[in-house]
Amino acid sequence: MELAQVRLLVTDFAACYRFYADTLGLKPQSGAADGPYEKFSPVTGSAGIALQDRAMMAAVLGELGDAASGHRSLVVLRVDDLDAYCARIVDRGAVLLRGPVPMTDRMRVAHLKDPEGNLVELQQWLLLGG
């Protein structure tokens, strides 16, 4: 089994596209900025994040509401230098909710939200015994 992607169902596709591509700097697969679907990949790693128009999936399943309520997801991205990455994305318009701060003795994190309110955690793993 292989994880193909994590897909977020969104109502403002264009705003979320800009957030993941322009603010976080992930690479869009096709450049479909108007949707209804796009997959984003980090510079390294194999799994990706995909956006899909929520109304499209609601039509397929017949059971999703027009808008999500509460936190339904947490996208986790690992970065090499959390402070530098956070400075870059804040310059691009991101608003950090928390951090960068230690989460454990082996990891530092920062948290923010995308335009739909999905939580994003940025992680930097710390080397032990280095």
request  = Subtracting the Cα-Cα distance from 0.36 nm times the residue separation, let me have the gained length for residue 84 to residue 34 in nm, one decimal.
outcome  = 15.0 nm
key: Over region 5-125, equivalent-ellipsoid semi-axes from the Cα gyration tensor in Å   = 26, 15, 13
Net charge contributed by nearby residues that have their C-beta within less than 11 Å of residue 19 (K/R +1, D/E -1) = -1
task = Among 120, 29, 11, pick out the residue whose Cα is farthest towards the positive end of the charge dipole of region 5-125, where Lys and Arg carry +1 and Asp and Glu carry -1 on C-beta, about the Cα centre.
result = 120
task = Compute the signed sum of charges (Lys and Arg +1, Asp and Glu -1) over the other residues within less than 11 Å, Cβ to Cβ, of residue 112.
result = 0
remark   = Between residue 73 and residues 5 or more places away or on another chain, the pairs with built amide H atoms under 5 Å apart involve 119
Within region 5-125: Cβ-based charge dipole about Cα centre, in debye rounded to nearest 20 (Lys, Arg +1; Asp, Glu -1) = 240
Radius 14 Å from Cβ of residue 41, net charge of other residues (Lys, Arg +1; Asp, Glu -1) = +3
request  = Name the residues whose placed amide hydrogens come within less than 5 Å of the amide hydrogen of residue 103, ignoring near sequence neighbours (fewer than 5 apart) on the same chain.
outcome  = 108, 109
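Bear in mind that the values in this text are calculations on the coordinates, not laboratory data. On a predicted model such as this, the values are computed, not experimentally measured, just so you know. Because the Cβ atoms are built from the backbone with ideal geometry, glycine has one as well, and the counts that use them run over all protein chains shown.
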